Structures are given as structure tokens and as C-alpha cells.
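Each reported figure results from applying straightforward, stated rules to the coordinates on display, with no laboratory input. Just so you know, these numbers come straight off a predicted model, no measurement behind them. Backbone-built Cβ (ideal geometry, glycine too); neighbour counts: all protein chains shown.
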Amino acid sequence: MSLDDLYREVILDHYRSPRNKRHIDSGGIDVHRNNPLCGDDITVYVVVDATGVATDAAFEGQGCSISQASASMLTEQIRGKKVDEIEGIVLNFRKMMAGEEGPGEEELGDLVALKGVVKYPVRIKCAVLAWDALQEGISQYEKAH
Amino acid sequence: MSLDDLYREVILDHYRSPRNKRHIDSGGIDVHRNNPLCGDDITVYVVVDATGVATDAAFEGQGCSISQASASMLTEQIRGKKVDEIEGIVLNFRKMMAGEEGPGEEELGDLVALKGVVKYPVRIKCAVLAWDALQEGISQYEKAH
Amino acid sequence: MFDPKVVRKDFPILERRVHGDKPLVWLDNASTTQKPRRVIDCLVDFYEHHNSNVHRGVYALAEEATELYEGARAKIAAFIGASGKREIVFTRSATESLNLVANAWGRANLKPGDKVVVTEMEHHSNLIPWQLVTQATGAQIVPWPITDDGFLDLEAMPRVLDGAKIVCVSQMSNVLGTINPIRQVADAAHAAGALVLVDGAQGVPHLITNVAEMEADFLAFSGHKMLGPTGSGGLWARAELLDAMPPFLGGGEMILEVWIDHATYNEIPYKFEAGTPNIAQSIGLGAAVDYLNDLGMEDVRAHEIEIVTYALDELRKIDGLKVFGPADPTKRGGVVSFWMEDLHPHDLATIVDTEGLAIRAGHHCAQPLMRVLGVPATSRASFYVYNTHDDVDALVAALGKARETFARGGGLPF
Amino acid sequence: MFDPKVVRKDFPILERRVHGDKPLVWLDNASTTQKPRRVIDCLVDFYEHHNSNVHRGVYALAEEATELYEGARAKIAAFIGASGKREIVFTRSATESLNLVANAWGRANLKPGDKVVVTEMEHHSNLIPWQLVTQATGAQIVPWPITDDGFLDLEAMPRVLDGAKIVCVSQMSNVLGTINPIRQVADAAHAAGALVLVDGAQGVPHLITNVAEMEADFLAFSGHKMLGPTGSGGLWARAELLDAMPPFLGGGEMILEVWIDHATYNEIPYKFEAGTPNIAQSIGLGAAVDYLNDLGMEDVRAHEIEIVTYALDELRKIDGLKVFGPADPTKRGGVVSFWMEDLHPHDLATIVDTEGLAIRAGHHCAQPLMRVLGVPATSRASFYVYNTHDDVDALVAALGKARETFARGGGLPF
Ligand SMILES: Cc1ncc(COP(=O)(O)O)c(C=O)c1O
Ligand SMILES: Cc1ncc(COP(=O)(O)O)c(C=O)c1O
């Protein structure tokens, strides 16, 4: 097992300089998740406009490089996308985390760097933490609309 | 291990024809004991007169040959004795059950037949059940007098 | 169909001799079963290669131990037809599982006057927890009577179910061997608005058990009675019920976020597994399930019917011996309780022990049932996959010896 | 004094290699310890020769199993200086023992407004059970603060004890390593009319423990953290307290006489051991106690002080690494929690794992303490009798590798 697979440069970069790490009074998606294994916690915020487009996305919280980088990349990847597109990204990301090869990786952008996590099963929970929050947020949004 | 050590003829005789197996409204010692291992239960009754002599002793209950025979012999052995003599008998009986050799056996009469029980540790509880009740009764009596 | 004489060879303890040179004949399977080599090896392998706490570590051994532990959970879920492994909570024993339901479900759901139905054939482990919780909540216990031939009295069913909140019933009686009609009970109970808690301590090891077909709500089982290690057992419950229940024990692993005066709880089943669980034991239970699956539960049951048929036939030939429970071997499991005239069960068990046979004497943790049967205790022989006709013959011979020791007198000594 | 390099040879798992060819370095002893050959052999011997349920059978194997099980109880009683084996209740774990006290003692003795004191360094297992029982009874939890250097704040003692009913305190912290002054706490608590529950999960394996000298009322301990099997543990309590407490779990063995709606209970400790207990595991714990006695607890402690001294010295040489808890090795156990600048503990543990080292990262089931320390998590290495200076050196080297992987950035990432 090579650690380089896990700690790709782009991951360390997102960890050191997280994008969109700030609070939003979103009035939209605002979901907190915690990983009881290690105490990592993440809150994901998404502002969705009237046409169903995520005009802003951000996160807060603390945790390991994997959970932080994953959240940071998530916010970049979903910004400006429509909610149903975002659902597709969530699905593709989960597939990647389940070790499934396949199309859709190109849609994941930087997130492909997280592919190496698959070889570290206990760390998958870190990578998906923000995504669990996002998915919960989308369900809540869809119930409300 | 020979079963003859356990099931001496005198034990089977007391089992088949228990002595003093009846209820007494003793107004004196009246204690119930139960063996949770097997559900055996015994109540021991002793009438003690003003001079501290056990003028009558009896038991009720049901259980295996060892517990029944032991209770039956107990009633025979303590009848007509003074409470402090009875305490001596209890002590000698317990010593025998603990596998201690020693004087005092002659005082135990038929009870010596129970000596073989020592080789069957799980059955010792059966043999001492009535004696536990008697001892509890004596303590209660002594507290009250 | 397996040959029990071949199966025996998998169980090292069956080589034992007791009281000098008497080969061990293990006929107390309703109390606990012996362990096959495969289960023992599984424990040794765990401690020699994978021992670690589960769920909490990021290192190799923690990952291996967690995978083994969760793998065992999946095996057990499949074994009883659960819809997923989140419906399986590991416990130490059937007793702990039953207490979990009484405490977590009972304390949250019972109010003064509520009825908890408990059959007259229940083991103390499915009765005392309900006594404790009804005493705490003001609910009351309603006994469900049995018939003279040892079945649940179905005529009494409408009466006992009326107003009931939960029905506590064993899948198979550990005294009578009776197999209870769980599906029928569950349908009636649900129609009456009650939940059904099945005590599967005897049923799961011996019968083909499918919780979906049973339609019950809770099923407690005991790993050490199905070839697993001591300290293994579990609870199945429908996920919605587990989700809605408050936790039972508190501690590590069952939480999400903790402050000094409150906390949020983990998802099921972890919400109910506080602290370090019985890790090696639960993994060992998984190995026992593999072993039973290899034998095939259909064949386990077929062997049981076969040996009970033989045992009942042989025992009935003995003068003055009364067998309790259903006469039809297809309606009962491999538990045979009996009374032999003139011989208290305790004496009887001691005498057959000197011949190498382990049978149980006593109230079998079912004192209310003993009162219904009108006996202070019974003798009980119970069979499992490694028992043979030879074992039955040995029992019959030993009973003959017991009879000789206590030459006949007159009637029951009580 | 034993040589840990020789002791290691008794532990088969320490031969393991992980991630290819990396020798296993087990530094998560605060979570669970490895098992010596003697304990594993004891389990195998039990299942191959003596396996039976305890207490209830009259046959040879039941007698043997009961003698082994009760023998283990006596060993444990002696190990912690209890006045007799009736004061020892076998449980699965420290967690179960703590829940037993919270439920059996707590539900019977706490009223609205009563105070339950819990230190800020308690493990969730000594906190959540009290949350559950205070929520049920209307009592309230009072946190006992700690000082900056990781000790109980003794200045706060009079305030927190005022009106307290029970004080819940760990013998040794599983995060800070702090050894708490139990005797002093107990004397003050008793003077204030409160009982003292000691969580000995970390203390009993590592310190010379004598309940008579401690003057506490309850002591919970965990067998699997002291070389015993998973599923072993226990509770010591003063006999008068156990006698006066209502039962916790209901079922077989804990009763005397049972009717449908009420029952009388067995004498202690059996009143608290419902159903089939963790038989083989408790016997295995007895074997672990034998092993520790052979090493000698004085020497176990001396080795611990020695290795912690070395570890603290080496870790302090690392730039940007902060160790939590007392600085003086004689005032702390073999648990070393630390934070390494720029590296989240979770990442750190993954990296050192690839070098074969098992260390723990996270909140260590002590979230309230994490808040007090101002960190989301820590890394934790914890030592036991088989750990050597080589293990410390391997840790230091692996930390170097972690630092390399995460080339230095700026400060704590939170
Ligand atoms: C019907 C029944 N229920 C419950 C139990 C208790 O199970 P355990 O021994 O796993 O606590 C038993 C076994 O003694 C039993 O036969
Ligand atoms: C201080 C402390 N208390 C309680 C526990 C819980 O013990 P167990 O694992 O036996 O449930 C632990 C171990 O995790 C601990 O370190």
C-alpha cells in the first residue's frame, strides 16, 4: 500500500487551503454530520435559487485531511449546478467510493483524487461524511419543494 | 465413586418413611428454605419450652432423598435437646459436610450416614438445606430471647 | 443426511471420560451445547492473529476484527432470514436480549394498567425482566395458560390478547419441547394491537427459523446453545422498532455526540452495543452458524425428530415413567422431560451421572410451569446433532440402574 | 523484574506482520490488550474438556465448570483485595459493570434534584449510563472540572461534593493517563454522604489495586484490557451495597422462588448474574490474573513507569508535538495522548499503521474531555507489559514519516 495513493497532492492542497470554508445563513440546505469513529464533524450549506440551481455552497467543521478535502472539493464541484445534476454527482462519487469503475468520473473533477481512499476502508467514512450531509440536505430540500 | 456411599440404606429409609414430617404451629422456630438449584424446599419447625429445650421438632417440604432424609434425621437428633446443645450438633454436622474428620460424630447418630455426600459436592447443598433453616431459626430465637 | 456418529468426531469434548472410565454422554443440550473444533479454532485464530477492538481503530487489526465481527452479524442475519444485518444486536445470551427488550422497549412504552402476556411455559429469562419492568411502570403480567398435553391454550388466546401491549412466547419450550405456533400468535397479537417477543433460545438452534415468515417483532437467541462460544447470543428486531427504541446500556460505540448532560445516539444496531462487545464470541457464533449451515438445518431438524421418536418410544417402555409435553415428535423439539416414580430427579441425575451421562434435574428455570405440571422438578434429557441412538440406550440403561438403587416403594414422594 | 522482550514471546499475535512485512507494534492497549498463550490455552482446555453451564447441573462437567468459574472469581477477588468472592459480579466489560451500578443502584436511590458527580475526564461508559438514569429519575449530573495539567481540580471538590449522592471517577484516565487520588476522593465523598464509583477499566490492569485501601464503594473493571478474553470484566462492590440493591437483569440463576407476578432473588453475587454468564471468558480472565500475578503487579507498574518515561522523553524531542496529561511518569499510567502540529490524528494513525503500528486516533470515548482540551481528537499510544523501547523508537520513526508526508504548513488546522 502506498500512502501516495491516499495523500495525493491535490488532497493535501484542499486540506491546507480549504475552499468555501465559511458559514452561510443559507435558508436552504444546512446539514450537520458527525463521524462517531473519530469525532470529525462537517456542516454543509447550499443556497438553491428559485430555478433549482445551487448558487452558493460552503462548509464548516473540522477533521482529518480526507474529510476536509472531500468537503472542500464537494463545494467546488456542485456550485452552479442544478439539484438533479448534483444528485448525479453524489451517485458517481458514491460509486467511486464503492470501488466501482465507470463513466462519470470526468464529472468528478478534483474529486477523483479521493479514489485512493478505497484501499483504506476505515477512511471511506471520512471521505463520504460531507456527502452524507449533502444528500440529507437534498432530501430535505426535495421534500420541501 | 460408589453410589452406596451416597445412598446408604438408612438414608433411603428416612426418605421413604420420613420422621416428623408434619406441620407444627410452633409459635417458636418456623423457617422456610429453598434450594434454587433444584427447587427443593424445606420448612423446619421447633417448639422450644421456657427452659430452652426443644420439646418438638418437625419439617415439611419436598425434595430429593438427601434433603428429605437429612431433614428427617435432623428432627430426630435435636428433639429433647437444649438450644445450645443443638448449636453444637449444627456445628458438628457442618464440619462433617466440610469433610473434616473429628470428634462429635458420635453425637450425630444416624446423620453419619450422610458422610458420603461429601464426595458429591453439588449434593452438599441438599444435605444442609434443613440445617440452614434450623440455624436461621436458632438465630431468630436467640435474638428474641 | 449427516451421520451423528461422524458429526461427533468434530467435537473434542466428546472424547472425554468422566468418573474414571465412563465415556461422556452429553444430554444437557438445552442448557448449553458443546463446541465443534471449527468454533474453537476460530477463537484461537482470532486471538492469535486478529485480536483488536472493533469499529474504533484505523489500523490493520481493527479493520480485520471489524470485518470478522460484522461478517458474523451478516451470517446470523441470513441464518434467521432477517432483512439485513442492522436488525441484529449482539448480546451475551438470550437472557440479555430479553432484558434489552423489556428495558428499552418496555420502559418507554408501558403505562399503568397495560398488559404484558407471558405464557405459563416461559423460562424465567422471559418472565423476570417483565416482572421488573411491570413493577417499574405499573403494567401487569397476564399468564397465558397451557393445555394438559403441553400446548398453548389457543382457546384462551382472545381473552389474553385483549388489551395486551406485548406477548412474550417461546419458540420452543425448554421443558416440554413444545413448538409454539408463532405465526398464528403473531397474526392474532398484531390484530389485537400487541407486539410479539419470541424467545428463540431453544428454537433457533433446532428449527428452521425465518423471522419474515414468523411475522414476530423481536427474536432473542442464545449462541452457546447452538454450538457457539459461551457469551454469544443476540437479538433480532424489526428495524423500525429498534430505531424508535431508546438505548438500553450507555457507553462507548453507541453514541454520536456527547456533552456532559446529554448525547445523541448512533444508528442501529450500534445504538444497542455499548462498550467493548463480546467480539471473539460473536465471531465464534458466526463459525457455529457456518457449521450448522453445512449440516443443513433441514437435516438438523430431521435428525432431531428421528432421535426424539426413538427416545420417546424407549422411555415409554419404562414402567412408572411419565414423559411431559406433546406426544407427537413433529410438534416438539429434542427436549424430553420426565418423572420416574419413586425417584426424585435430583437423585436420578446423580445416579446417571455416575454412568457418564449429563442430564438436567430441577425446575429448568420454569418454576411457574412446574406448578402447572404439579411436580417440584423434572429430569430432562435434551438432544443435538451429535447425539445417537447409543446415547438413548445409555440413558435407558442408566435409568435401570437408578431404579435398582432406589428399590421400588410407593408412589410419588410428595 | 521481567524483561518485556521475553514477555513478548508469550503472545502469539506479536509474531504477526501487517501490510506485507511490517512487524506488528501493538500500542492500543488502552482499548484492548493482546492475550498470552496461557489465556488462549485456558479457553481451548475449557471447551475441549469442561464445557458446561455452571451452578445448575449435578453432573461431572457442571461441577468442573462451576469450580473453574468460581475459582476465577476468587482469583479476581484476591487480585483487587476484595474481602471475599461474593463481592465480585462477572460482567462482559467495564461498560456493563458501570451500567449495572447506574441502573440497579441509581434507579433505586436517585430522586429529582439529587446530584451525580462525574469528572470531566470520564469515559462515555461512566457518563452515558448516568445521563440515562438521571433523565429517568430527575437527578442531575454535576461535572467535576480538571486542571490545566490534567489533574482533578481538588479545589473544586467541596463544591461538587456538596449534596452529591454518588461520585463517578476513573482510577486512571484513558486519555490523559492521570492517576486519580481515589482514597482522598472517597474520604471526602463519604464525609459528604456520597458513594464513590471507580471506573477501574484503565487502573486495574496497570496499577496495584486494593479496594480496601481505596475505600471506594464500587469498582468496575474490564478483563479484555488486562490480558483476558473479550467478553470478560466485572464489578466489585461492598457486600452490604450489593445486598441492598435490587437486581439489574432478570432471568435464570438470579432467583430463588418464582411466581408469575413476583419472585425472590438469590444471594449475591448471583442476584446480579442473570442467565448463562460469560463462562469461558471469566475463567480465561482468571488465567490472565494468574499471568499478571506471576509477572508481579509491582513490576508491571515499574515497567510502565520506565517505558512511559522513555516515551515522554522521546516524544518531547519532536518539534510541534504536544503531549497531554501529567508530566510526571509516577503520577500517570502508560497512556500517552498527543497532538502533532498540522497532522490530524486520523491521518497520523493511518500513516503509522502503514509502518505496522497500531495507535488510536479520535475522541477516545471522551468527547467532553476533548472540549476541555480544546482539540477535536488526539493521537494515543498506550503501553503494556510486552512493549519495549524498540516500540517507542518505531513510533518516533513513524511519526517522522507522517511529518514528511504532510510537509509542514501553518499551525493547527482548526
Ligand atoms: C427457553 C429459554 N429461554 C431463555 C434461556 C436463557 O438463555 P441464556 O442461557 O442464553 O441466557 C434458556 C436457556 O437456559 C431457555 O431455554
Ligand atoms: C476509562 C475507561 N472506562 C471504560 C471503558 C470501557 O470498558 P469496556 O471496553 O470494557 O466496555 C474504557 C475502555 O474503553 C475505559 O478506558
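Summary table below
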quantity	calculated
Trypsin sites (Lys or Arg not before Pro) within region B:60-145: DSSP coil, no more than 10 neighbouring Cβ in 10 Å	none
A from B by rotation - nearest chain B beta carbon to the axis, in Å	B:P36, 21
Rounded to 5, percent antiparallel among DSSP beta bridges of the protein assembly as shown	65 percent
Within chain D, helix-based [θ] at 222 nm, where runs of 4 or more DSSP H residues each add -39,500 (n - 2.57), nearest 500	-10500 deg cm²/dmol
Shortest-first distances to equivalent copies, position D:E155, nm, label 7 Å out along Cβ	7.9
Computed label-point distance, nm, for sites A:S17 and C:E240 using a 7 Å Cα→Cβ extension	5.2 nm
Between helix A:65-78 and chain A: long-axis angle, C-alpha atoms, 0 to 90°, nearest 10	40 degrees
Translational diffusion coefficient (Stokes-Einstein; Kirkwood radius from C-alpha pairs) of region D:278-326 at 37 °C, 0.692 mPa s, in µm²/s	244 µm²/s
Net dipole in debye of the protein assembly as shown [+1 Lys, Arg Cβ; -1 Asp, Glu Cβ; about Cα centre; nearest 20]	360 debye
Semi-axis lengths (Å, descending) of the ellipsoid that matches the C-alpha gyration tensor of region D:346-393	23, 13, 8
Cα-projected label distance for D:A397 with C:A212, points at 7 Å along beta-carbon direction, nm	5.4 nm
Using a Förster distance of 22 Å, the FRET efficiency for A:D84-C:R86 (Cβ separation, nearest 0.05)	0.15
Estimated distance in nm for a label pair at A:E106 and D:K317, the labels positioned 7 Å out from Cα along Cα-to-Cβ	5.4 nm
Cβ nearest the rotation axis (C onto D), residue from chain C and distance to the nearest whole Å	C:G231, 2
Cβ neighbours within 10 Å from other chains - mean over D:256-269	5
q = 0.15, 0.25, 0.27 Å⁻¹, region D:25-84: log10 I(q)/I(0) [Debye, one scatterer per Cα]	-0.63, -1.01, -1.04
Percent of Cα pairs exceeding the 24 Å cut-off, where the set is region D:202-307	37 percent
Per-residue Cβ neighbour rank within 10 angstrom, fewest leading, C:V196, D:V198	C:V196, D:V198
Fewest-first ranking of C:V58, D:V211, using other Cβ atoms within 10 Å as the exposure measure	D:V211, C:V58
Share, in percent, of DSSP beta bridges within region C:51-167 that are antiparallel, nearest 5	10 percent
Solution diffusion estimate, µm²/s, Stokes-Einstein, region C:70-118, Kirkwood Rh from C-alpha pairs, 20 °C, viscosity 1.002 mPa s	170 µm²/s
Above-threshold pairs, the threshold being 28 Å between Cα atoms, out of D:K22/D:K75; C:K5/C:K317; C:K35/D:K22; C:K75/D:K35; B:K81/B:K125; C:K35/C:K165	D:K22/D:K75; C:K35/D:K22; C:K35/C:K165
For C:K322, inter-copy label distances in nm, listed shortest first [label point 7 Å out on the Cα-Cβ vector]	7.8
Most mobile listed residue (B:D56, B:D41, B:D25) in chain B, GNM with C-alpha springs under 10 Å	B:D25
Amide proton proximity set for C:V25, modelled H, under 5 Å, gap of 5+	C:L357, C:A358
For B:V10, inter-copy label distances in nm, listed shortest first [label point 7 Å out on the Cα-Cβ vector]	9.5
Helix runs (DSSP H) in chain C reaching 18 Å along axis by Cα, Kyte-Doolittle at least 0.0	C:60-79, C:279-295
Gaussian network model of chain C, Cα within-10 Å springs - most flexible of C:R56, C:R380, C:R360	C:R56
Where N is the number of residues in region B:3-144, Cα Rg divided by 2.2 N^0.38 Å	0.96
For chain D: Kirkwood Rh in Å [reciprocal of mean 1/r, alpha carbons]	22.2 Å
Range of Cα positions in the protein assembly as shown per principal axis (Å), largest first	96, 59, 55
Within chain B, percent of DSSP bridges classed antiparallel, to nearest 5	95 percent
Where only alpha carbons of region D:1-106 are counted, the Rg and the Dmax (Å)	18.1, 52
Rh (Kirkwood; distinct C-alpha pairs) - region B:93-142, Å	11.6 Å
Per-residue HN-Hα couplings for region B:135-144 [Karplus 6.51, -1.76, 1.60; θ = phi - 60°; Hz; x = Gly/Pro]	5, 4, x, 5, 4, 4, 4, 5, 5, 7
Binned Cα-Cα distance frequencies in region D:45-142 - 10 Å width, integer %	14, 30, 27, 19, 10, 1
Highest-MSF residue in chain D out of D:S31, D:S382, D:S282 [GNM, Cα springs under 10 Å]	D:S31
